[in-house]
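Visitor: Take this structure, written in structure tokens, and hold onto it; I'll ask about it next.
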Amino acid sequence: MASARALCASPSRPFLSAPRSASSRATLARRRRAPLPSFAAGARARLARVMASTGEEAIQSVVDRRRRARVAVIGAGAAGLAAARELTREGHDAVVFEQGAELGGVWVYDADVEDDLTGADANREKRVHSSVYKNLRTNLPREVMGFGSFPFTRAFTDDNRRFCGHEEVRAYLDAYADHHDIRKRVRLRTRVVAVTPTRSEYRAKNRVSENASPRNEDEDEDERAYVEKWGPRWCVATEPVEETRISLKKEGKTKEDGEESVFDAVVVCNGHYSEPRVPRFPGAETWPGTQMHSHNYREPEGRAFSFRGKRVVVLGAAASGEDLSREIASVAAEVTLASRGFAPPKDASSGDFPLDSYPRNMRRAPGIAALLPETSGVAFEDGSARHDVDVVLYATGYRVTFPFFASFDGEEEASNSLSEASASDSASLAPRSVDNRVAPLFEHVFPPASGPSLSFIGLPWKVVPFPQFEAQARWVARALSGAAALPGRAEMASRAAAAEAADRGAGVADRHAHRMGDAQFAYNDRLLAYCGEPSGFPKWREAMYAATGVRKRAFPTSYRDGPDEPWSDEEALAEARAEAAALELERSSSV
Ligand code: FAD
């Protein structure tokens with residue numbers, strides 16, 4: 001522990017912004033003028049040259065010469081598991097830190113809810129990670145949800161529905177971990193509480209004390225060259241977690257109970273569906289009814305809370321708001337589904353979710369303007385109001401946070417500790433999350449100032465997550481090994497800035513910066529191309545996703561089970577099954 005703490009000691013000066021000698025400035029300038037070759041192309045060309053001249057043995061030697069990094073992965077949900085699999089496959093040594101008692105992330109259903117039902121208090125003591133509710137069924141067919149390396153075409157429990165329940169997804173993730181033998185990589189009940197850049201291990205090892213003798217210029221140059229190429233090393237501080245629902249503060253733990261170790265890289269997979277985003281409306285503080293966030297919704301009629309006979313307003317008509325309001329309407333007296341800017345369509349059977357698809361005790365309304373404490377009412381944006389409302393349920397999404405980049409309490413997501421070590425040019429080492437835009441990031445994964453040693457998996461939303469996680473993780477693994485070198489830092493920064501500027505030009509709100517929708521398919525193919533796999537994702541995935549969207553809009557309540565017409569994804573389904581069968585065959589013939 002003592003040595004780990006020494007390695008983790010804060011740099012006495014920010015290492016990327018350190019004053020440089022004339023010779024090192026010249027070296028860096030040369031390096032900047034000659035940016036690293038484009039990754040996939042470079043790796044492919046190298047392999048092709050070797051293949052042409054010397055054959056298989058030489059290819060193996062190229063693979064063997066790849067850099068092997070010690071990597072900390074934060075979180076053992078689907079993203080963290082994909083990261084562990086791709087990192088180990090590439091030869092890295094991955095350690096996955098998971099605060100929960102089991103792997104699977106949001107798919108580990110927890111019947112318990114938080115004391116603060118709105119979840120608005122960032123410092124609330126009791127926390128539940130999962131936002132999954134009891135009767136949740138997937139909103140995508142299992143085949144399209146599954147990872148490419150481990151098809152989700154068969155059942156792992158007795159739930160063999162294509163749009164299955166959460167227990168089946170969790171069982172699938174368990175099977176994925178076992179199939180790729182990555183369970184042993186996961187350290188459960190271990191929470192990452194701080195991630196800070198450190199001087200390279202090389203420097204720390206050569207330092208007798210904080211006041212050591214002046215450094216040798218060659219060492220400095222080596223260190224800078226290392227950091228320039230791979231990004232900084234990171235000190236990861238963890239704490240044991242005894243009661244996973246309770247924050248460390250309440251457990252009375254201090255940093256002294258934890259451990260610190262240095263890693264060559266950190267892959268952030270902490271999930272983004274646990275910190276409620278709750279709008280603050282006038283009147284909310286004294287409103288007499290119950291306010292809760294969908295994070296704390298479990299069932300319409302549970303022991304802890306029942307919606308039976310209640311008058312309910314649900315705010316937010318994305319996937320959760322739509323599903324929950326229909327489920328609640330099965331027992332409530334009345335449900336109003338409100339969403340910003342809603343205007344009734346001329347024809348009740350048109351629109352994304354036709355009005356005539358809602359049950360009779362449900363109605364739609366525009367967004368909430370204020371809560372009215374005197375009448376337990378809700379005022380809407382169009383001037384209308386509903387009174388005697390019992391519950392306002394906020395299905396208003398989540399905040400993207402990285403508490404380990406800030407204070408121990410996780411107050412705000414700003415990377416305070418990192419900004420001290422802010423990089424040479426303009427960007428800091430870790431990105432900031434401002435209104436859910438995590439920036440600056442190159443392709444939603446790498447901060448230009450610190451990639452590839454810092455990366456983020458799972459930021460895009462309105463996507464099919466698992467296969468995308470796998471592609472992002474593969475890119476990270478290959479960037480860390482050197483098989484897929486990233487563009488130069490300046491180029492990454494300028495491409496990240498250009499993407500942000502394009503968003504602003506198109507009027508994309510910050511909170512939608514990582515929303516992809518149909519753009520996900522081109523993005524996924526780009527990720528694989530960066531990995532040197534230019535053939536991209538199989539096209540059946542896009543076809544199945546599109547067909548599901550059409551079907552969902554046509555049959556919002558029954559799209560998961562039928563009817564079959566006018567929608568069909570039979571061709572895509574046949575291709576998915578053929579792909580799974582081929583993979584099975586490949587496996588059994590290689591044993
Ligand atoms: P998570 O699953 O949240 O995992 C993050 C992990 O990190 C957790 O285990 C957490 O405990 C751990 N962690 C966080 N911070 C720390 C820390 N500091 N130290 C250690 N560990 C930490 N996707 C679909 O494909 N189909 C669906 O039908 C679908 N429905 C959904 C319904 C709901 C209600 C929600 C909330 C999400 C749904 N999703 C669905 C999206 C789902 O979030 C993704 O499928 C995916 O599981 C997210 O994985 P993740 O690993 O990014 O995050």
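The values are calculated or read from the model by the stated rules, or taken from the named source; none is laboratory data. This structure is a prediction, so every number in the text was calculated from the model and none was measured. Neighbour counts are summed over all protein chains in view; Cβ atoms, including those assigned to glycine, are modelled from backbone coordinates with ideal geometry.
Visitor: Given the options 147, 97, name the one that is in contact (Cβ under 8 Å) with a residue 40 or more places away in the chain and either near the ligand (Cβ under 9 Å from one of its atoms) or not aromatic (Phe, Trp, Tyr) (or both). Working first, answer last.
Guide: Details: 147 fails: either near the ligand (Cβ under 9 Å from one of its atoms) or not aromatic (Phe, Trp, Tyr) (or both).
None of the others qualify; the one that does is 97.
Visitor: May I pose another question? Scanning the stretch 303-327 for residues that are among the aliphatic types (A, V, I, L, M) and under 14 Å from residue 289 (Cβ atoms), which turns out surrounded by the fewest Cβ atoms within 10 Å (Cβ to Cβ)?
Guide: Keep residues of the stretch 303-327 that are among the aliphatic types (A, V, I, L, M), which gives 304, 312-315, 317-319, 324.
Next, only the ones that are under 14 Å from residue 289 (Cβ atoms) stay: 312-315.
Numbers: 312: 27, 313: 25, 314: 29, 315: 27.
The extreme case among them is 313.
Visitor: Look through the stretch 322-347, keep the residues that are out of contact with any strand residue (DSSP E or B) (no Cβ under 7 Å at 6 or more places or on another chain) and acidic (Asp, Glu), and return whichever of them is farthest from residue 139 (Cα to Cα).
Guide: Top of the filtered list is 347.
Visitor: Say we look at the stretch 286-298 and pick out the residues that are in a loop (DSSP other than H, G, I, E, B) and in contact with a strand residue (DSSP E or B) (Cβ under 9 Å, 6 or more places away or on another chain); which of these is surrounded by the fewest Cβ atoms within 10 Å (Cβ to Cβ)?
Guide: Start the filter on the stretch 286-298 by keeping residues that are in a loop (DSSP other than H, G, I, E, B), which leaves 286-289, 297-298.
Subsequent filtering for residues that are in contact with a strand residue (DSSP E or B) (Cβ under 9 Å, 6 or more places away or on another chain) retains 286-287, 289, 297.
Details: 286: 8, 287: 20, 289: 18, 297: 25.
It comes out as 286.
Visitor: Starting from residues that are of a type in the set (S, T, N, Q) and in a loop (DSSP other than H, G, I, E, B), keep the ones in the stretch 443-478 and report whichever is farthest from residue 580 (Cα to Cα).
Guide: In the first step, residues of the stretch 443-478 are kept if they are of a type in the set (S, T, N, Q); the result is 450, 453, 455, 468, 472.
When the remaining residues are screened for being in a loop (DSSP other than H, G, I, E, B), the result is 450, 453.
Values: 450: 37, 453: 33 Å.
The extreme case among them is 450.
Visitor: Here is a further query. Out of curiosity, is residue 119 crowded, with 17+ Cβ neighbours inside 10 Å and over 22 Å from residue 394 (Cβ atoms)?
Guide: Against the criterion (crowded, with 17+ Cβ neighbours inside 10 Å and over 22 Å from residue 394 (Cβ atoms)), residue 119 does not qualify.
Visitor: Okay, next question. Looking at the structure I just gave you, is residue 85 in a loop (DSSP other than H, G, I, E, B) and modelled with pLDDT of 95 or more?
Guide: Against the criterion (in a loop (DSSP other than H, G, I, E, B) and modelled with pLDDT of 95 or more), residue 85 does not qualify.
Visitor: Which residue, of 183, 154, is in contact (Cβ under 8 Å) with a residue 40 or more places away in the chain, within 15 Å of the ligand (Cβ to nearest atom) and surrounded by fewer than 19 Cβ atoms within 10 Å (Cβ to Cβ)?
Guide: Going through 183, 154 in turn, just one is in contact (Cβ under 8 Å) with a residue 40 or more places away in the chain, within 15 Å of the ligand (Cβ to nearest atom) and surrounded by fewer than 19 Cβ atoms within 10 Å (Cβ to Cβ): 183.
Visitor: Taking the condition at pLDDT 95 or above and out of contact with any Pro (no Cβ under 7 Å at 6 or more places or on another chain), does residue 493 pass?
Guide: When the stated conditions are applied, residue 493 does not pass them.
Visitor: Here's another thing I want to ask about it. Which ones in the stretch 314-344 are at pLDDT 95 or above, part of a helix (DSSP H, G or I) and aliphatic (A, V, I, L, M)?
Guide: 324, 328, 329
Visitor: State yes or no: is residue 557 under 30 Å from residue 161 (Cβ atoms), of a type in the set (Val, Ile, Thr) and within 25 Å of the chain's Cα centre (by Cα)?
Guide: no
Visitor: Still on this structure: Within the stretch 437-451, can one find any residue that is of a type in the set (D, E, K, R) and either buried (at least 24 other Cβ atoms within 10 Å of the Cβ) or modelled with pLDDT of 85 or more (or both)?
Guide: yes
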